[in-house]
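First comes the structure, then the notes that go with it.
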């Protein structure tokens, strides 16, 4: 099962890179309005998937849900907007390497403190070394 989950994570990374490249191309032709076009498509596809999975009376905002769990939408917008701007300036490989570095650092902190409902998983020397290797990888991709 872990192999399947790992494969799905790799596919998500491939999709994120393809998405950022396509958004960059769209942004060069449409401008920052490309982020609006892309996010509108995401909202429509997400709403359709949500209603198919949960039914027409599903609640987007269940009582007691912390507001912090809704920041994912803002983060998605930031990702799309920033990568559309960055890709043509520094290239896809370095941009994605930096994204992975940012994701890895943030993930270690989220796990360490158990933020946003995630289980606590403390930072260890080996996990910190893994982050250092990611940083080294970023450096190697750049040069």
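Some observations on this one:
- According to the Kirkwood relation over distinct C-alpha pairs, the hydrodynamic radius of the stretch 54-94 is 13.0 Å.
- Compactness of the chain, expressed as Rg and Dmax over alpha-carbon positions, Å: 17.5, 53
- Distance from the stretch 1-57 to the stretch 67-143 (C-alpha centre basis), Å: 18 Å
- Neighbour counting of Cβ atoms within 10 Å sorts the residues 2, 120, fewest neighbours leading, into 2, 120.
- Rh by Kirkwood over Cα pairs, then Stokes-Einstein D for the stretch 91-143 at 0.692 mPa s and 37 °C, µm²/s: 282 µm²/s
- Translational diffusion coefficient (Stokes-Einstein; Kirkwood radius from C-alpha pairs) of the stretch 19-90 at 4 °C, 1.567 mPa s, in µm²/s: 94 µm²/s
No lab work stands behind these numbers, since they all come straight from the coordinates. Everything numeric here is computed off the predicted structure, so don't read it as measured data. Note: ideal-geometry Cβ built from the backbone for every residue, glycine included; neighbour counts use all protein chains shown.
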